[in-house]
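Undergrad: The structure is given below, and queries will be raised subsequently.
The values are calculated or read from the model by the stated rules, or taken from the named source; none is laboratory data. These numbers come from a predicted model, not from an experiment. Here the Cβ is made from the backbone with ideal geometry for all residues, glycine too, and neighbour counts use every protein chain on show.
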Amino acid sequence: MAYFKHDYSARNDDKILEVRAKFGPEGYGLWWMILETIAENKGLNTSLIGGLSLGYGVAKGTLSELIDFCLEIELLYKDGDGMVQNRRMDEHLEEMKGYKDSGKKGAEIRWKNRGANKGANTPPIGEGNADKNREEKRREENTTHTNPAPASSWEANGYDKPASLEQVIEVANMSGFEAAVAERYWNKRESTDWMKASGNQQVPIRNWRADFALIASYLASDIAKEKDRASPSRSVTSTKAEPEPFYSGPDMDKITKQVARLTGTR
């Protein structure tokens, strides 16, 4: 049995509540281990209780006490061979057997109907293979026309890359970037065969449009910085006016000569 039903309200069953009250959460967990063992082995052999306790990771005495208690409150029972069983598990097995038998009967009916219809439409000897060959040829031709072989391993692996620089420029313009950004992106990815770093390895680019959107701003910033560095530096010319003389009246020349004579600088 691959699985069995587990009611989401099983913890609130009257008898399960008795198990939980006596053995706590550990007993509840052991209960489901017991059911799994019954489903797996079509019963539980109490003579192998030592191996079971080891597999469950619980003391042998605790497991024996729990099984005896479940037998006492009729959560479990022993069949004619002395194997511990569970009646709810029996019901599940019968239900699954019914599904299986119904499936077999349905398959038999379908095969029977198929055989009856096949006789009515069987072509003459020799035509069947011819029709089959024609059908296979038609499928091959359709496959060739509708599903041509991938142009490259990129398409085969589900990756894509732009068909041309013009396509990148078109996407760049739609995103508000100049053609220089598209050219920079194209050259960058062409130089690495459209691979990019991912951790410690290089991987193909799955979506070049998303990749462009991710790094376009950085490329535009680099281009702007390069243009700024390439522009000639502008010389700074001082526009500060020379200080005017403290006096510029009509007698300035006469006063200047007197000062020169007195200071001996003439």
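Undergrad: Any residue in the range 198-221 that is in a loop (DSSP other than H, G, I, E, B) and at pLDDT below 65?
TA: no
Undergrad: Please go through (1) part of a loop (DSSP other than H, G, I, E, B); (2) surrounded by 13 or more Cβ atoms within 10 Å (Cβ to Cβ) for GLY176 and return the number of the only condition it doesn't satisfy.
TA: (2)
Undergrad: Is it true that ILE49 is of a type in the set (Val, Ile, Thr) and either part of a loop (DSSP other than H, G, I, E, B) or within 19 Å of ALA10 (Cβ to Cβ) (or both)?
TA: Taking the combined requirement at face value, the residue does not satisfy it.
Undergrad: Can you work out which of the residues in the range 222-234 that are part of a helix (DSSP H, G or I) and of a type in the set (Gly, Ala, Ser) is surrounded by the fewest Cβ atoms within 10 Å (Cβ to Cβ)?
TA: Initially, the range 222-234 is screened for residues part of a helix (DSSP H, G or I), giving 222-230.
Next cut, of a type in the set (Gly, Ala, Ser) only: 224, 230.
Values: ALA224: 11, ALA230: 7.
Selected residue: ALA230.
Undergrad: Scan the range 83-110 for residues that are surrounded by 13 or more Cβ atoms within 10 Å (Cβ to Cβ) and not charged (D, E, K, R) and report the count.
TA: Within the range 83-110, residues that are surrounded by 13 or more Cβ atoms within 10 Å (Cβ to Cβ) and not charged (D, E, K, R) number 8.
Undergrad: Does LEU63 satisfy being in contact (Cβ under 8 Å) with a residue 12 or more places away in the chain, touching a helix residue (DSSP H, G or I) at 6+ places or on another chain (Cβ under 7 Å) and not in a helix (DSSP H, G or I)?
TA: no
Undergrad: Let me ask you something else. When you scan the range 172-199, how many residues do you find that are of a type in the set (A, V, I, L, M) and closer than 13 Å to ASP160 by Cα? Reasoning before the result, please.
TA: Within the range 172-199, the subset of a type in the set (A, V, I, L, M) is 172, 174, 179-182, 195, 197.
In the following step, the residues that additionally are closer than 13 Å to ASP160 by Cα were identified as 195.
Matching residues across the range 172-199 total 1.
Undergrad: I'd like to know if the range 19-26 contains one or more residues that are among the acidic types (Asp, Glu), closer than 24 Å to HIS6 by Cα and within 40 Å of the chain's Cα centre (by Cα). Steps first, please.
TA: Within the range 19-26, the first condition is being among the acidic types (Asp, Glu), and the residues that meet it are 26.
Filter once more, so that each one left must be closer than 24 Å to HIS6 by Cα: 26.
Going one step further and asking which of them are within 40 Å of the chain's Cα centre (by Cα), we end up with 26.
Looking for residues that are among the acidic types (Asp, Glu), closer than 24 Å to HIS6 by Cα and within 40 Å of the chain's Cα centre (by Cα), one finds at least one in the range 19-26, hence yes.
Undergrad: Moving on. Given (1) under 13 Å from PRO162 (Cβ atoms); (2) within 23 Å of the chain's Cα centre (by Cα); (3) not small (Gly, Ala, Ser), where does GLN202 come up short, assuming only one miss?
TA: (1)
Undergrad: Kindly list, by first and then second residue, each pair from a residue in the range 69-85 that is at pLDDT 90 or above to a residue that is surrounded by fewer than 16 Cβ atoms within 10 Å (Cβ to Cβ) and part of a loop (DSSP other than H, G, I, E, B), limited to pairs with Cβ atoms under 8 Å and residues at least 6 apart or on different chains.
TA: Pairs that qualify, where the first residue is at pLDDT 90 or above and the partner is surrounded by fewer than 16 Cβ atoms within 10 Å (Cβ to Cβ) and part of a loop (DSSP other than H, G, I, E, B), are GLY82/ASN45; MET83/LYS42; MET83/ASN45; VAL84/ASN45; GLN85/ASP79.
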